[in-house]
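Step one of this worksheet: look at the structure below.
Just so you know, all these numbers are worked out from the coordinates, no wet-lab data involved. None of these values were measured; they are calculated from a predicted model. All Cβ positions, even for glycine, are placed from backbone atoms using ideal geometry, and neighbour counts span all protein chains on display.
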Amino acid sequence: MNDIQKNLLEQVAGLHEIPAGAYNIRANGESAGRRTTANIDIVTKTDKPGIDIIIKPGTKNESVHIPVVLSQSGLKELVYNDFFIGEDADVTIIAGCGIHNGGDADAEHSGIHRFVLAKGAKVHYVERHYGEGDGNGQRLMNPTTIVEQAEDSHMEMDTTQIKGVDSTKRVTTARLAAGASLVIREKLMTHGKQYAETDFTVDLDGEDSSANVISRSVARDESRQIFRSAINGNNRCAGHTECDAIIMDKATVAAIPEITANHIDASLIHEAAIGKIAGEQLIKLMTLGLTEAEAEAQIVNGFLK
Amino acid sequence: MLELQNVSYRVSDTDGDREILHDVSLTIDERFVAITGPNGGGKSTLAKIIAGIYTPTEGRIILDGTDITGASITERAKLGVSYAFQQPVRFKGLTVRDLISLAAGHELSVNDACSYLSEVGLCARDYVNREVNASLSGGELKRIEIAMIIARGTKLSVFDEPEAGIDLWSFGNLITVFEKLHETVNGSILIISHQERILNIADKIVVIAGGQLKAIGTRDEILPELLGGSNPGCACSVLTQKL
């Protein structure tokens, strides 16, 4: 890999070198490295682009890195990655996509990630999206995440897009069986003329399943964001969705939470708040000696921390 | 030394033109100066004018011989003015340690942040990494606000009703905090308060009512009249009721 690709890798996966554990690195549409372990197998799909990641039952404290980097202007790809997490496994999966577009043609990565969690499996899924490059070509990412959770499984998803992605549509769907739980934390910042659309749909099918979907975002300049979050309570269950956005400059943000109870014992809550940085917050930090710009940066960084 | 020279503050709103402060002159050079008077009398406005949040429509503000009337909030903070809000501000995402570090002007270790929190009676380990958000009570926020002023350690510290909401913490501790702050920094502490126990430690008491300076003097000169209710003006009857 060249230096640009190495930098992208650091931005999206925090990797300075080859990671410990299993990994699959995809660079400009081709495999740039792979390692499997005794418990984690990675297999190239034969019918379409992408890989299957198969984690054996009972695998504990192992991680899988599957970063994607694109540094070729004009490259567009659609990749299917399926994760099969065995019974009672407890693993961390770090994905992420970085695009460096120095040319005038659009560069686009669309990943469809499907997670199939067996009974009692636990997954911490970390996903970061990052774009850079001074070409006129757009940097586009459209990740789709499909989660299927068996009984008593637990998934935590941290998804972050802080910089440089011109347009993104992020779709996540999840279906939970009895006793399963899901936590999604989204952090998003858009600037310039960027557009970001988020769409979560969670079906709480099983008894005592639960979901907590939390989004914090900052929209600057003339960027636009749309946040949709639908939770369907189809059994005795608990669901909570929260969208909290700071709006700046001439940006626009729409938050559309939707909760549907299809069962008498479904307990569902939604919260949504959009507003500019409170003047008194700026004033407080200025009385500590910060300039207005420094105060604003502290507030935004803290909010997205 | 802080000097206010003929400070007036006028606002225009839907109710028309109103004067919130009229021709207030005073100097603050003592250890503890207390400003008291009825609600709505202009005390908090005066504090905000000192901190630079409001700019006076007339008059001048001099800090150690330098005219700071036109100085911004940030410039005054850097010149050594600290201001503890009457109603502390909440921040989603910023932690107690973040705010105390910003106040101190450099990144604090957990131990350093804890020592400031201990001074205001908070069990530091429970608080240092908490977000300063709606999960904290008014009393907790108030103490964190005071801890920030201690961390700043500037030559002038202004506290707007610091005792409000600290019900679980004793006045004695609050007064100890002020005394220690003075010993450490050797600066002046200006406290807006209705509380007799705070007025009791003041070297100078200023009574503001109806936007005007009604009385100014030492504790021995002012306090008996305040408590006796025989002071001229409406300030003191209201104050006595509060006490």
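Structure summary
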read-out: Verdict on A:Ile231 being touching a His at 6+ places or on another chain (Cβ under 7 Å), in contact (Cβ under 8 Å) with a residue 24 or more places away in the chain and either part of a strand (DSSP E or B) or within 14 Å of chain B (Cβ to nearest Cβ) (or both); value: no
read-out: In region A:212-253, the residues that are under 25 Å from A:Ile277 (Cβ atoms) and among the β-branched types (Val, Ile, Thr); value: A:Val213, A:Ile214, A:Val218, A:Ile226, A:Thr241, A:Ile246, A:Ile247, A:Thr252, A:Val253
read-out: Residue, farthest from A:Leu290 (Cα to Cα), within region B:153-192, restricted to residues that are charged (D, E, K, R) and under 14 Å from the mean Cα position of the chain (by Cα); value: B:Glu163
read-out: Single residue of region A:268-284 satisfying the filter (loosely packed, with under 15 Cβ neighbours inside 10 Å and part of a strand (DSSP E or B)) that is farthest from the other protein chains (Cβ to nearest Cβ); value: A:Ile269
read-out: Residue within region B:36-52 that is within 22 Å of B:Arg143 (Cα to Cα), under 15 Å from the mean Cα position of the chain (by Cα), within 14 Å of chain A (Cβ to nearest Cβ) and of a type outside the set (A, V, I, L, M) present; value: yes
read-out: Looking only at region B:53-73, and only at residues there that are polar (S, T, N, Q) and within 14 Å of chain A (Cβ to nearest Cβ), the one that is surrounded by the fewest Cβ atoms within 10 Å (Cβ to Cβ); value: B:Thr55
read-out: Members of region B:74-96 that are assigned to a loop (DSSP other than H, G, I, E, B) and either within 14 Å of the chain's Cα centre (by Cα) or more than 7 Å from chain A (Cβ to nearest Cβ) (or both); value: B:Gly80, B:Phe85, B:Gln86, B:Gln87, B:Pro88, B:Arg90
read-out: Test: residue in region B:146-154 that is out of contact with any Lys or Arg (no Cβ under 7 Å at 6 or more places or on another chain), in a loop (DSSP other than H, G, I, E, B) and either within 14 Å of another protein chain (Cβ to nearest Cβ) or touching a residue at least 24 places away in the same chain (Cβ under 8 Å) (or both); value: yes
read-out: The one condition in (1) over 17 Å from A:Ile214 (Cβ atoms); (2) in contact with a Phe, Trp or Tyr (Cβ under 6 Å, 6 or more places away or on another chain); (3) more than 7 Å from chain B (Cβ to nearest Cβ) that A:Thr287 fails to fulfil; value: (3)
read-out: B:Ser25 being closer than 19 Å to B:Gly187 by Cβ and either in contact (Cβ under 8 Å) with a residue 60 or more places away in the chain or in contact with a Cys (Cβ under 9 Å, 6 or more places away or on another chain) (or both); value: no
read-out: Residue list for region B:98-139, filter: surrounded by 22 or more Cβ atoms within 10 Å (Cβ to Cβ), part of a helix (DSSP H, G or I) and away from every other protein chain (no Cβ under 11 Å); value: B:Ala113, B:Tyr116, B:Leu117, B:Tyr127
